[in-house]
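Data block below; observations after.
Bear in mind that the values in this text are calculations on the coordinates, not laboratory data. None of these values were measured; they are calculated from a predicted model. Neighbour counts are summed over all protein chains in view; Cβ atoms, including those assigned to glycine, are modelled from backbone coordinates with ideal geometry.
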Amino acid sequence: MNPFTFGTVATGESFYDRHKECDHIVKTLAGGNNMVLYAPRRFGKTSLVVKAIQLLEEQGFICIYFDFMPVFSVESFVRLYTKAVASKQRNLQRFAETFNSIAKNIRPVIRFTPDGNPELSLDITKKQIDETDISQLLDIPEALAGKKKRVLIFFDEFQEVEKLNKINFEGLLRSKIQHQKHVNYIFFGSKTHIMQAMFNDKKRPFYHAATQMTINYLPKKETIHFLQNNFARKEIKLDLEIAEYIIKAAANIPHYIQQLASEIWSNVSHHADISHEIVDECILQVVAMKSDYFMELFENQSTSKKQLLIALCTGGENIFSESYKITHRLPSSATLQRAAKGLTNDGVIDKIDSEYFITDPFFKLFLKRTML
Ligand SMILES: Nc1ncnc2c1ncn2[C@@H]1O[C@H](COP(=O)(O)OP(=O)(O)OP(=O)(O)O)[C@@H](O)[C@H]1O
Ligand SMILES: [Mg+2]
């Protein structure tokens, strides 16, 4: 079986390193603090947090993982959040009773499937869910915790709460987290700049509401070990230099390292040598597999965004400087700022320190091959 996995949470043997980061999350949450975790796309936030959840559950915490990505309306938040909270309750009947004692317009209904398993659905008695309903819903984890237990809530893709701001969701949640004694929260998400604006802007409810942490690239040494150990399963001795070549081609981003390694694994037989040529072929195969999507992604951009993407293929330092604009024949500062903001919001580009980059190294390669 291919030992390399990507596009899903890395668990078990697919997960390596991040010991210190995991320990930091466990200790901060167990110690009764809230935290926010930033990192660009595909760096391994969800995998790290899922690992921390395992350890915290072993310590007896009730851990509720909630992904904001599928939330598209206040009602969808109510349904999905209730489901996430209920999924961690052993006794659904008792959960429904606690729920009913707090939320007045939202009723959990328990039905039994033909094989006798309880199933939860929601009956929303009101046409329009308002702040009071959300406030009651957000009180439920504290009520479930009671005096003895502690509940931890893991909010993934938290930047998406902006979709709920027509009901002052941020303000409500902030006031809850301040008062809840038995519930702590970790907020994390891939749109780093939106998250940073939420937690570092004095005018926003979440200003300094949580301990901040970031995760960086996985250490090269550990990645090389991971690649070598896994290729050894096919009795392949992966040269150090080739391992470094793979890491570089994947821009050292965990997801793309595993994607490329997975492609190489499928293309080499037992005892084979992995050469630069094989790696290059596999890179092109990955690009080819995604080329329809890449082409559509590029075509859907405005002219200024296209110009910026092409410029970023050669470097992303000081992109607003006069010399960068002249070299790459870019539009005026205001237009360029808008283009950079739009592409960042869509996750197509990102920034680490002062350097902008195209988040998917294979998209960058596609652009280099087709547009330059
Ligand atoms: N610690 C790790 N060990 C091994 N592989 C990892 C690790 N962390 C991440 N990966 C690789 O990166 C991929 C993406 O990981 P994950 O989904 O956790 O990242 P993310 O930062 O949450 O991504 P997104 O920005 O899309 O939400 C995984 O499928 C896996 O291939
Ligand atoms: Mg994630």
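Shape verdict for segment 1-88, please, from the Cα gyration tensor: rounded (a/c under 1.5), prolate (a/b greater than b/c) or oblate. Oblate, because a/c is 1.5 or more while a/b does not exceed b/c.
Against the chain, whose longest principal axis is taken from its Cα atoms, helix 92-102 shows a tilt of about 70°. What pairs in Lys163/Lys202; Lys148/Lys176; Lys83/Lys341; Lys305/Lys364 have C-alpha atoms more than 25 Å from each other? Lys83/Lys341, as the Cα separations exceed 25 Å there.
DSSP assigns beta bridges within segment 96-201; of those with both partners inside it, close to 60 percent run antiparallel. Straight-line cross-link reach from Lys248 at under 16 Å between alpha-carbon atoms covers these aspartates and glutamates, not counting any fewer than eight positions away in the same chain: Glu222, Asp239, Glu263, Glu277, Asp280, Glu281, Asp360. Need one word for segment 220-289: rounded, prolate or oblate. Basis is the Cα gyration tensor (sqrt eigenvalues a ≥ b ≥ c); a/c below 1.5 gives rounded, then a/b vs b/c decides. Note, shape of segment 220-289 comes out oblate. Length available on full extension from Asp239 to Thr214: 0.36 nm per residue minus the Cα-Cα distance, which gives 5.9 nm. Between Ile102 and Lys341, full extension at 0.36 nm per residue minus the direct alpha carbon distance yields a gain of 81.9 nm. When the helices of the chain are scored as -39500 (n - 2.57) per DSSP H run of n ≥ 4 and the total is divided over every residue, the value at 222 nm lands at -15000 deg cm²/dmol.
Would you mind computing, in nm to one decimal, how far apart the modelled labels at Thr132 and Thr327 are, each placed 7 Å from Cα along Cα→Cβ? Each label point is offset 7 Å from its Cα along the Cβ direction, giving 6.1 nm. Derived scalar couplings between HN and Hα for segment 179-190 equal 9, 6, 9, 10, 10, 10, 10, 10, 10, 8, x, 8 Hz in order, rounded to whole Hz, by the Karplus curve 6.51 cos²θ - 1.76 cosθ + 1.60 (θ = phi - 60°), x for Gly and Pro. Across the chain, C-alpha contacts under 8 Å between residues 6 or more apart give a mean separation that, scaled by the residue count, equals a relative contact order of 18 percent. Based on alpha-carbon centroids, what's the gap between segment 251-267 and segment 298-372 in Å, whole number please? What the calculation gives is 24 Å, centre to centre. Each Cα pair under 8 Å and six or more residues apart adds its sequence gap; the mean of these over the residue count of segment 295-371 is a relative contact order of 35 percent.
What the Cβ-Cβ distance of Asn33 and Gln59 gives, at R0 = 22 Å and to the nearest 0.05, is a FRET efficiency of 0.90.
For the chain, the antiparallel share of DSSP beta bridges with both residues in that region comes to about 40%.
Between 0 and 90 degrees, the angle of helix 131-145 with respect to the longest Cα principal axis of the chain falls at about 90 degrees. Rounded to the nearest 0.05, the FRET efficiency derived from the C-beta distance between Lys306 and His270 at R0 = 35 Å is 0.20. Which residues in segment 192-215 place their backbone N less than 18 Å from a point set 7 Å from the Cα of Gln178 along the Cα-to-Cβ direction? Residues 198-211 fall inside that zone.
Here the calculated FRET efficiency for Asn165 and Thr8, from their Cβ-Cβ distance with R0 = 41 Å, stands at 0.85, rounded to the nearest 0.05. Here the relative contact order of segment 220-289, from alpha carbon pairs under 8 Å that lie six or more residues apart, stands at 33 percent. Helix 220-231 and the longest principal axis of the C-alpha atoms of the chain enclose an angle of approximately 80°.
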